[in-house]
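Inspection log for the structure reproduced underneath, given as structure tokens.
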Amino acid sequence: QRSPKWVLPKPFLRFPSILLTSLQTMLPYNLGNRIIRFVCFTVIEILHAVVRRPSFVQRLFTRYLTNRILSANPEAEEMKCIPNFKPGCSRIIVHAGFPKALTQSNVTVINDPVLG
């Protein structure tokens, strides 16, 4: 990667199979699938509202993401792995182990500018 990215932890959420089955079979007109899509869409819209304009919530969100990166990789600041822009200015990576992967022995972080 040429510049650091904000990383959100990947949620490991699984809907209970009883809930999924009941939503998909007992409700008419695919209403269960529509409810699930609506919840997912609402979460994404709330995230967009948080990062869209400067606010107290945006600062909290930025601090949360920074702390997540630093807790997984304490050397992240020295390696220049914390972005210097606000979340939402670039694509946010949703990944379970990205900051920890940078600390592995077979990984080298290169921060030199791209020449060409």
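Just one of the listed residues (Phe15, Phe41) is without any contact (Cβ under 8 Å) to a residue 24 or more places away in the chain, part of a loop (DSSP other than H, G, I, E, B) and either under 27 Å from Ala76 (Cβ atoms) or not charged (D, E, K, R) (or both), namely Phe15. For segment 78-116, filtering for residues that are surrounded by fewer than 16 Cβ atoms within 10 Å (Cβ to Cβ), under 19 Å from the mean Cα position of the chain (by Cα) and small (Gly, Ala, Ser) leaves 4. Restricting segment 62-77 to residues that are more than 18 Å from Gln104 (Cβ to Cβ) and of a type in the set (S, T, N, Q), the residue that is surrounded by the fewest Cβ atoms within 10 Å (Cβ to Cβ) is Asn67.
Quick note: the coordinates plus some simple rules give every number you see, no bench work behind them. Keep in mind it's a predicted model, so treat the numbers as computed, not measured. Here the Cβ is made from the backbone with ideal geometry for all residues, glycine too, and neighbour counts use every protein chain on show.
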